[in-house]
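These notes concern the structure reproduced below.
Rule-based calculations on the coordinates, nothing more; no lab input. Nothing here was measured: the structure is a model prediction, and the numbers come from that model. With ideal geometry, Cβ positions are generated from the backbone for all residues, glycine too; neighbour counts draw on all protein chains shown.
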Amino acid sequence: MNNWQRLLWYYGAGRLFTPRPRWFCYNVTRRCDSRCIHCGIWRGEHPEELPPEELRLIFSNPFFGAVRTAWLTGGEPTLRQDLAAVAAVMIASMPSLATLGLATHGIRTQRVIQQVVNLLDVLDPARHGLFIHLSLDSAGEVHDQVRGIPGAQAGVLATLDAIQELRHDYPGHRIEAGLNCVIQPANVAELPRLLAFARERGLSITFNIVVITDQIFDNLESEAELRFLPEQVEPAATFLEQVAVQSSAALCDHYRQIARMLRGEPRDRRCLTLWSTVNLEPDGTFLPCPTCSNIYPVNVKGRDLEELWRSQEMEALRRRIVTEHCPTCQLGCSLGDSLTWSEWRRGGWGP
Ligand SMILES: C[S@@+](CC[C@H](N)C(=O)[O-])C[C@H]1O[C@@H](n2cnc3c(N)ncnc32)[C@H](O)[C@@H]1O
Ligand code: SF4
Ligand code: SF4
């Protein structure tokens, strides 16, 4: 997509047209062997995990023909033994796929790397790159505290080193690694050090404010630990403004907006997730928005997703989410396809 097309996409999707999704996000499992404070997925129930044969029935629909980026996430996706078989079905069904993403806690290096190798074996290096997103909430011990696993941070560092080695072993493949940090009370003071660590290692890093919710991250049990103290809000907002200056156009505006939201303003940026991304749960339940897991679930087994995507039912769900959830949502889920007028005027996404 060039910048003109991105601009049309941002303003037109959902208003002038309903596009086929360009992003796909599959929560392959709800199982998890981490014990994060900010995420209660590990405490919850584990829905059925659809086997690759059943997933093939869902994915073999031309509806998935425009998907360019597909994510394997969870729960902890590397716990799923048949992960590469799941990826193979996605690859076979998505002719436009250019990037496969793996979101992992990265703690259990040996298992994570074995799964990465399995994925590389089913990818076609001429068509697909692999992006590995590792969670790192602090460059020091706070990461272990936040993740509830002694040695978690050391595990992530070892995984980063092992990914670097894989680049030598698989020279034909495009293998990228990046970090994601959840900003929360325990790590506010650590953020500059984490940013410096990422810069030193030449790693991209994204920051999200912790979502406190009874939905997918289901963390109300830890609410007291997750609410910022009044004196932590300004340092978090100031940090995001500093990161904004060094970020791409889309992230820059997003971080500035989140800083304003932390100071009490509502969200003013459209989220394209509702028109650009299909989110599926392990059992085939469709989530119109990645964070709304219990309010509007629709199971797609035996349903035509294209028909659902364009239905009145779906439009009504989107309107409800835009009205009830988006104004207070601080996530940057769909920035990949967004390009606002002000970003476009400042040069957009570049050549
Ligand atoms: C749900 S996890 C799944 C992948 C993997 N288990 C991991 O931790 O990276 C995907 C991302 O969501 C982030 N996350 C978890 N709980 C969150 C919350 N309450 N608010 C914002 N992001 C959260 C995680 O830190 C991780 O980067
Ligand atoms: S953030 Fe990831 S690692 Fe932590 S509990 Fe949630 S799914 Fe597991
Ligand atoms: S609630 Fe958040 S993630 Fe969901 S559509 Fe709205 S802004 Fe996007």
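Can you figure out the FRET efficiency of Trp4 with Glu231, using R₀ = 45 Å and their beta-carbon distance, to the nearest 0.05?
For Trp4 and Glu231, the calculated efficiency is 0.50.
Who wins for biggest fluctuation among Gln184, Gln153, Gln215 in a Gaussian network model of the chain, springs between alpha carbons below 10 Å?
Gln215
Tell me, what ³J(HN,Hα) does each residue in the range 227-241 have, in order and in whole Hz, if you take phi through Karplus 6.51 cos²θ - 1.76 cosθ + 1.60 with θ = phi - 60° and put x for Gly and Pro?
Ordered by residue, 3J(HN,Hα) equals 7, 5, 6, x, 6, 8, 5, 5, x, 5, 5, 5, 4, 4, 5 Hz.
If N is the number of residues in the range 141-244, what value comes out of its Cα radius of gyration divided by 2.2 N^0.38 Å?
Numbers: Rg = 15.9 Å, N = 104, 2.2 N^0.38 = 12.8 Å.
My calculation over the Cα atoms of the range 141-244 gives 1.23.
Starting at the first residue of the range 40-50, write each ³J(HN,Hα) from the Karplus equation 6.51 cos²θ - 1.76 cosθ + 1.60 with θ = phi - 60°, in whole Hz, x for Gly and Pro.
x, 4, 5, 7, x, 7, 10, x, 3, 10, 5
Report, as a whole number in µm² per second, the diffusion coefficient that Stokes-Einstein gives for the range 240-324 at 20 °C and 1.002 mPa s using the Kirkwood radius over alpha carbon pairs. Display every interim value, and only then the final one.
Details: Rh = 14.8 Å.
Here the translational diffusion coefficient equals 145 µm²/s.
Mean separation of Cα pairs under 8 Å and 6+ residues apart, divided by the residue count of the range 215-351: what relative contact order is that in percent?
28 percent
Find the centroid of the Cα atoms in the range 223-243 and in the range 46-66, then give the distance between the two in whole Å.
Each part's Cα centre sits 40 Å from the other's.
Give me Rg/Rg_expected for the chain, where Rg uses Cα atoms only and Rg_expected = 2.2 N^0.38 Å with N residues.
In units of the globular-protein estimate, the chain measures up at 0.95.
When only Cα pairs under 8 Å and 6 or more residues apart are kept, what is the percent relative contact order across the chain?
20 percent
What dipole magnitude, in Debye to the nearest 20, does the range 117-180 give about its Cα centre under +1 on Lys/Arg Cβ and -1 on Asp/Glu Cβ?
Charge dipole, the range 117-180, about its Cα centre: 180 debye, nearest 20.
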